[in-house]
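Accompanying notes for the structure given below.
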Amino acid sequence: MFRILGRSMVVIVVMFAVLASSPHPLLGQGLPDLRTPRAPEAPHINGPKVYGARAGHPFLYRIPCSGVRPMRFSVEGLPKSLVLDPETGIISGTVPKAEGSYRLIIKASNRRGRSRREFAVVVGEKLSLTPQMGWNDWYTHYTNITDKDIREAADAMIASGMADYGYQFIDIDDAWERKPVTDIAALKGPMRDEAGHILPNGRFPDMKALTDYVHARGLRAGIYSSPGPLTCGGFAASFGHEADDAALIAGWGFDLLKYDLCSYRKQMKDPHSVSELKAPYLKMGTLLNGQDRDIVFNLCEYGWGDVWKWARDVSGSSWRTTNDVGAVKGDLLPGFYKVGFANAALDAYAGPGAWNDPDYLIIGADGDPHNLAAGPQPTHLTAGEQYSYMSMWTLMASPLFFSGDMARLDPLTLNILENSEVIDVDQDVLGKQGKIVRHTDQEFILMKPMADGSTVVGLFNISEAPRSIKIDFKDIGATSAVTVRDVWRQQNVGRFGASYTAEVPRHDVMMIRITPAQMKRGM
Ligand code: GLA
């Protein structure tokens, strides 16, 4: 009896192990396809290794570090104007007045071990030396967003561990303002007070208290407006009040502004004129630069007038390159691939301080703009598509803004968002956007050079069947033998001479880091 029971137990355990390790054929049967290994309990410091800030402005940085709490942090080389809370790892204070690179060594320890990481605070003009990471409410809440949702998202960013991987911004999108035409009582009322200050709607009782709440957790807060009279959602916007709004946003304590063209189009004589497109962004960018805090400027005008060619001139730290990823219709491939393919062609324009923005990560659960009452629903994307989405965005050094539901962060979603080696690809200090190596009907290959001399390659199967995808090392400039590491699974695959071939399921990806054998750094 026991022998029979014992044997069937073994069979069950083996089946379970097979299910957990072979991601594809048995998916859809209830077991999530988890590729990121469980994070160690010992500390591991994640996120960027450089951080840009402007002299004399307020500074706030929560050290992203996974591992069990309680944890103890220390920092060597901290400038006198900054202080560290050793328990939370939040560094705050004032950016030093002298420009230059301040090299720090961050250390974290807990009962399981210790971790250290070099980190440079670069005081100068450039913000976002690596792509911004955070959450934006749009694809979950659309025009129903409230103060409570934002606070809960900030709490969830800490509780879920996302902040321990470098996610830092909590961004309010459209619909915090009042609306001239509406039946909803909370959105009614004058758009501005007598002094010209824009008035938040009844769902946002106190903006300063809200940013204080976000900042108290070591996170940063973002907000949204349009250069036109109305936002895309038909809410009040900044036209004719740009200076009032820049000052108010800074006074409330926001750290990022997304500025969305929307109704400004009606102010333009020629919607294709670059100088007309540029003017409102130059105006707001200059105003933001005049505030006494760092405000990251995100341009949103859907890539019109080749924005990537001039966004830097108007102080843009990132610029949307396409239409809304949530609105782009797919065919056999979901819409995010189309956005990714278009954005990937713009690699020459990205670099430290200035990034192509292909819009947010819609994975996990998200809202339906045509049925907001139904609340967020699980994505229709397969696990392989979701891993592909994240892989493509990190290889393209894109801003990483999750826009799914922070209240429903299931194990698969967190497994995709919280992989330290995948995040390292996005946040690499070299700041190179991945280049297209091959794009056919069946395959898409991106390669991203990294600061340590290695190269990360994404092998995307965009066909309808499993496929062998081969990369010749000469195509990525590697001439000697290399070691190959599976970035998602954080495992070395082996040493290879001239090429590597991966078996990739339909609409899935293999992301590898290739290091010349003689270097073998960090492998
Ligand atoms: C536009 C933008 C979106 C979102 C909405 C808000 O569509 O592209 O990202 O901000 O407006 O109304």
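The values are calculated or read from the model by the stated rules, or taken from the named source; none is laboratory data. Small disclaimer: the values here were computed from a predicted structure and weren't measured. Glycine gets a Cβ as well: all are built from the backbone with ideal geometry, and neighbour counts include every protein chain shown. To get the accessible areas, we keep the full protein, side chains included, count just its heavy atoms, and leave off ligands, DNA and RNA. Shrake-Rupley method; radii C 1.70, N 1.55, O 1.52, S 1.80 Å.
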Just tell me which lysines come within less than 20 Å, Cα to Cα, of LYS470; anything on the same chain fewer than 8 places away is out.
LYS435, LYS448
Could you tell me whether segment 172-280 comes out rounded, prolate or oblate from its Cα gyration tensor? Rule is a ≥ b ≥ c as square roots of the eigenvalues, rounded for a/c under 1.5, then prolate if a/b exceeds b/c, otherwise oblate.
oblate
Please give the FRET efficiency for SER74 paired with THR440, using the beta carbon to beta carbon distance and R0 = 41 Å, rounded to the nearest 0.05.
0.20
Solvent-free Debye scattering, log10 I(q)/I(0), computed from the Cα coordinates of segment 259-409 at q = 0.12 Å⁻¹:
-0.57
Label-reachable residues, segment 287-320, where backbone N falls under 13 Å from a point 7 Å from GLU276's Cα toward its Cβ
305
Between GLU41 and GLU118, the two model label points (7 Å from Cα along the beta-carbon direction) sit apart by a distance in nm of 3.2
With just the Cα atoms defining each centre, how far is segment 27-80 from segment 253-298? Give it in Å.
32
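How much accessible area per residue does segment 378-523 have, in Å², with a 1.4 Å probe?
Accessible area per residue: 36 Å².
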For the chain, alpha-carbon Rg and Dmax in angstrom
23.4, 85
If amide H atoms are built 1.01 Å from N in the plane of the peptide, which residues on other chains or at least 5 residues away come under 5 Å of the amide H of LEU400?
GLN132, MET133, GLY134
Based on the mean of other Cβ atoms within 10 Å per residue, sort peptides 464-477, 361-374, 445-458 so the most packed one is first.
445-458, 361-374, 464-477
For segment 42-47, take each phi angle, set θ = phi - 60°, evaluate the Karplus expression 6.51 cos²θ - 1.76 cosθ + 1.60, and give the result in whole Hz per residue in order, putting x for glycine and proline.
5, x, 9, 7, 10, x
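Please state, to two decimals, what the Cα-based radius of gyration of segment 237-303 comes to when divided by 2.2 N^0.38 Å (N = residues).
1.11
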Please compute the modelled spin-label separation between ALA55 and ALA98, points set 7 Å along Cα→Cβ, answer in nm with one decimal.
1.1
Treating the angle as unsigned and between 0 and 90°, give the value, to the nearest 10°, between the Cα long axis of helix 274-289 and the longest Cα principal axis of the chain.
90
Would you pull out the residues with amide H under 5 Å of PHE59's amide H, same chain only if 5 or more places away, H placed 1.01 Å from N?
GLY93, THR94, VAL95
In vacuo Debye scattering of segment 435-507, one point per C-alpha: log10 I(q)/I(0) at q = 0.11, 0.14, 0.21 Å⁻¹?
-0.27, -0.43, -0.99
Using a 4.7 Å Cβ cut-off, which Cys residues in the chain lack a partner cysteine?
CYS65, CYS300
Normalised convex hull volume, segment 22-143, alpha-carbon set, Å³ per residue:
170
Could you tell me what percent of the accessible area of the chain is made up of carbon and sulfur, with a 1.4 Å probe and every protein chain present?
55
Starting from the Cα of ASN492, step 7 Å along the direction of its Cβ; do the same at LEU372; then give the gap between the two resulting points in nm.
5.4
Gap separating the Cα centres of segment 479-505 and segment 155-193, nearest whole Å:
43
Which whole-Hz ³J(HN,Hα) couplings does segment 68-80 yield from phi under the Karplus relation 6.51 cos²θ - 1.76 cosθ + 1.60, θ = phi - 60°, glycine and proline marked x?
6, 9, x, 10, 10, 10, 9, 9, 8, x, 5, x, 4
Stokes-Einstein D for segment 382-442, Kirkwood Rh over Cα pairs, 37 °C, 0.692 mPa s (µm²/s)
256
Violating pairs (Cα-Cα greater than 20 angstrom) within the set LYS309/LYS329; LYS258/LYS278; LYS97/LYS126; LYS338/LYS474; LYS148/LYS208; LYS179/LYS266
LYS309/LYS329; LYS338/LYS474
Cα gyration tensor, segment 105-176 - rounded (a/c under 1.5), prolate or oblate
oblate
For TYR259, the net charge from surrounding residues (Cβ-Cβ under 11 Å; K, R +1; D, E -1) works out to -1
Enter the accessible area per residue of segment 294-334 (Å², integer; probe 1.4 Å; all protein chains in place).
36
Whole-Hz Karplus couplings 3J(HN,Hα) for segment 236-253, θ = phi - 60° and coefficients 6.51, -1.76, 1.60, Gly and Pro as x, run 4, 9, 8, 3, x, 10, 4, 5, 4, 6, 4, 5, 5, 4, 5, x, 5, x
